[in-house]
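Heads up, the thing below is written out as structure tokens.
The values are calculated or read from the model by the stated rules, or taken from the named source; none is laboratory data. For clarity, every value in this text was computed on a predicted model and none was experimentally measured. All Cβ positions, glycine included, derive from the backbone under ideal geometry; neighbour counts span all protein chains shown. Surface accessibility is based on the protein's heavy atoms, side chains included, excluding ligands, DNA and RNA. Shrake-Rupley method; radii C 1.70, N 1.55, O 1.52, S 1.80 Å.
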Amino acid sequence: MTAILVLNGPNLNLLGTRQPEVYGYTTLADIETMCQDWAETAGCTVSFAQSNHEGALVDAIHAAKGQQDGIILNAGAYTHTSIALMDAIASVELPAIELHLSNVHAREEFRHNSYIAKVAIGLICGFGAHGYVLALEAMKAHLSR
Ligand code: DHK
């Protein structure tokens, strides 16, 4: 069965109360439920994780090798700064999709750069919590090519 890791970075544990005008009112627990519901109908396995720590995210990406078929990564602010996360994705040679709730390209200029995009198969942003389901669909389609 296709196995997909959904990995979330810093401050995403605060979804629902964090700047809801930007990130919406849906909590991370709600998003996990949406992903698990999708997995059930799609016949896939979804593992869900979040950390505020860059090294822990690197460890989670390493641990995915041999266990997961693809990674959906909302690296939060590390998207714009982390060569370590970029290298981790490149190292495990798993397809990765970069995900953001907000449309980062319509926001501050420092959010326009992404290290993750350099090693991702694609990018989904601006669709709020629904973006997670879109990313899962896209990963499933990519893996069944
Ligand atoms: C989440 C964050 O925490 C920001 O640092 C990114 C992203 C955007 C999001 O939209 O999901 O810049």
Could you tell me whether the range 6-29 includes any residue that is in contact with a Gly (Cβ under 9 Å, 6 or more places away or on another chain) and of a type in the set (Asp, Glu)?
no
Which residue is nearest to Ala56 (Cα to Cα), if the candidates are limited to the range 12-31 and must be open to solvent by less than 70 Å² (accessible area, probe 1.4 Å) and near the ligand (Cβ under 10 Å from one of its atoms)?
Leu12
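Suppose we filter the range 95-145 for residues that are hydrophobic (A, V, I, L, M, F, W, C), in a loop (DSSP other than H, G, I, E, B), open to solvent by 30 Å² or more (accessible area, probe 1.4 Å) and in contact with a strand residue (DSSP E or B) (Cβ under 8 Å, 6 or more places away or on another chain); how many remain?
So the count comes out to 2.
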Ile89 vs (1) loosely packed, with under 15 Cβ neighbours inside 10 Å; (2) farther than 19 Å from Ala129 by Cα; (3) not charged (D, E, K, R): all pass except (1)
Is there a residue in the range 3-10 that is open to solvent by less than 30 Å² (accessible area, probe 1.4 Å), under 27 Å from Ala141 (Cα atoms) and within 12 Å of the ligand (Cβ to nearest atom)?
yes
Please go through the range 32-85 and pick out each residue that is part of a strand (DSSP E or B), open to solvent by less than 30 Å² (accessible area, probe 1.4 Å) and within 15 Å of the ligand (Cβ to nearest atom).
Ile72, Leu73, Asn74
